[in-house]
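The values are calculated or read from the model by the stated rules, or taken from the named source; none is laboratory data. Note that the structure is predicted; figures quoted are calculated from it, not measured. Note that each Cβ is placed from the backbone with ideal geometry, even for glycine, and that neighbours are counted across all protein chains shown.
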Amino acid sequence: MTKAILVLNSGSSSIKYGLFKAEPGGEKLMRGVIERIGAGAEIEDTRGRMSLPLPETAGHMKVLQWLAADLLERLEDVEIVAAGHRVVHGGHEFGHSALVNPEVIGQILELSPLAPAHQPHNLAGIAALGQIWPEIPQVACFDTAFHQTQPRLAQIYALPRALTEEGVLRYGFHGLSYDYIASQLPKHLGAGAAEGRVIVLHLGHGASVCAMHGRKSVATSMGFTALDGLVMGKRCGDIDPGVIFYLMRDKGLSLVEAEAVVSNEAGLLGVSGISSDMRDLQSSDAPEAKEAIDLFVYSAVKQIGSMAATLEGVDAIVFTAGIGENSPEIRRKILERCCWLGVDLDVSANAIGRPCLTTPQSRVSGWVIRTDEEREISEQTCALISK
């Protein structure tokens, strides 16, 4: 019987899962992804791609319950001894992963208003597995923890000091992805260059940018919540706070309605009026789809400039996550607008998805590195339960 760690990575519209041998660097035994949750969920794993036998509008809890039951049927020779979960917001309470207990669940729940599109789904994963395997330890791994190395000036807002002391700060997100990429930089860039000034773009349905030096976070585009920074699938990214006041004061929207506009009706979906999925937009001839793509690229280029200024230069630019790994068009559009930094794009290398996207003479190297948040969660879970 193989002992294994089950990993759940519950996002705003997807659930990635993986099964790893319960040992450091453990072999990946299984992986899969469920996408388009709430709009006709589909699962892709070793069996191929298929629709889930659930109502089209089924949410995260129903999908998680189905997944747990499906795994129970398939895992005849595997004993799940622990579970690791991605939890988006850990605030300042959690600088490292934590063993789940009622107190930890209560703290995660208190932070839910700061990540309403994610935290409830993360908690749903913990609850679903607690019902199916109540005897196994569960570990919460936090997206915010990686960014706690940032200097104070990168964390604070120009708000009254009392609010800052209460915790109204820039926390940053996608930390599990960035943590994994940081571990992979020496393999791609070399040991020396990996410690230099690196800008990583995590481009997916949720999107952000992180500036690293010495493989540590020094600045990132997301802030107090996961709404800030880049244009995303349904989230607005950078916005004047006055827009929220206008929506409520002059357009008569309630707080809940205004929040829905910027977090569920904006981004690629709002600009295009077609879809929040970059694949749908790239296959569309509609001018609104093109404009949404162009705005996505524009916001990414702006953030690269900001991060380069923070780092006082840049040595490498890395793309990761769904769009970053799989869209040569988006990578090309972004890197072509970074020639002023010293980027010399290798068009053919980018088109076929080679790890290095730039020519040998490029002063700033460009890379695509596949992230593996599930692997990072497995490693953190294994380390914690072994104690």
Residue match in the range 102-109 (condition: farther than 17 Å from Q131 by Cβ and either basic (K, R) or in contact with a strand residue (DSSP E or B) (Cβ under 7 Å, 6 or more places away or on another chain) (or both))
yes
Give all pairs with beta carbons closer than 6 Å in which a residue from the range 267-285 that is touching a residue at least 60 places away in the same chain (Cβ under 8 Å) and under 17 Å from L230 (Cα atoms) meets a residue that is among the basic types (K, R) and surrounded by 14 or more Cβ atoms within 10 Å (Cβ to Cβ); count only pairs at least 6 apart in sequence or on separate chains.
S276/K234
Examine the range 339-359 for a residue that is over 15 Å from F296 (Cα atoms) and among the aromatic types (F, W, Y), and state whether such a residue exists.
yes
Among the candidates L255, L247, single out the residue that is among the aliphatic types (A, V, I, L, M), more than 23 Å from M212 (Cβ to Cβ) and loosely packed, with under 14 Cβ neighbours inside 10 Å.
L255
Being outside the structural domain of G38 (by TED's automatic domain parsing) and in contact with a Phe, Trp or Tyr (Cβ under 8 Å, 6 or more places away or on another chain) narrows L268, L255, L281 down to just L268
Selection from the range 51-100 of residues that are surrounded by 15 or more Cβ atoms within 10 Å (Cβ to Cβ) and among the β-branched types (V, I, T)
V63, V78, I80, V81, V87, V88, V100
Going residue by residue through the range 299-319, is there one that turns out to be modelled with pLDDT of 95 or more, touching a helix residue (DSSP H, G or I) at 6+ places or on another chain (Cβ under 8 Å) and under 30 Å from A98 (Cβ atoms)?
yes
Can you work out which of the residues in the range 263-287 that are part of a helix (DSSP H, G or I) and surrounded by fewer than 13 Cβ atoms within 10 Å (Cβ to Cβ) is nearest to the chain's Cα centre (by Cα)?
R279
Do you know which residues across the range 23-44 are part of a loop (DSSP other than H, G, I, E, B) and surrounded by fewer than 21 Cβ atoms within 10 Å (Cβ to Cβ)?
E23, P24, G25, G26, E27, R36, G38, A39, G40
Taking the range 139-160, which residues are small (G, A, S) and surrounded by 15 or more Cβ atoms within 10 Å (Cβ to Cβ)?
A140, A145, A154
Looking at (1) in a helix (DSSP H, G or I); (2) surrounded by fewer than 17 Cβ atoms within 10 Å (Cβ to Cβ); (3) among the aliphatic types (A, V, I, L, M), which one does A300 not meet, given that it meets all the others?
(2)
Would you tally the residues in the range 77-100 being of a type outside the set (A, V, I, L, M, F, W, C), in a loop (DSSP other than H, G, I, E, B) and touching a residue at least 40 places away in the same chain (Cβ under 8 Å)?
8
E103 - would you say it is outside any helix (DSSP H, G or I) and either over 24 Å from the mean Cα position of the chain (by Cα) or surrounded by 20 or more Cβ atoms within 10 Å (Cβ to Cβ) (or both)?
no
For I136, all conditions in the list (1) surrounded by fewer than 22 Cβ atoms within 10 Å (Cβ to Cβ); (2) at pLDDT 95 or above hold save one; what is the number of the exception?
(2)
Consider A260 against the criteria (1) hydrophobic (A, V, I, L, M, F, W, C); (2) within 26 Å of the chain's Cα centre (by Cα); (3) assigned to a loop (DSSP other than H, G, I, E, B): it satisfies all of them except one. Which criterion is unmet?
(3)
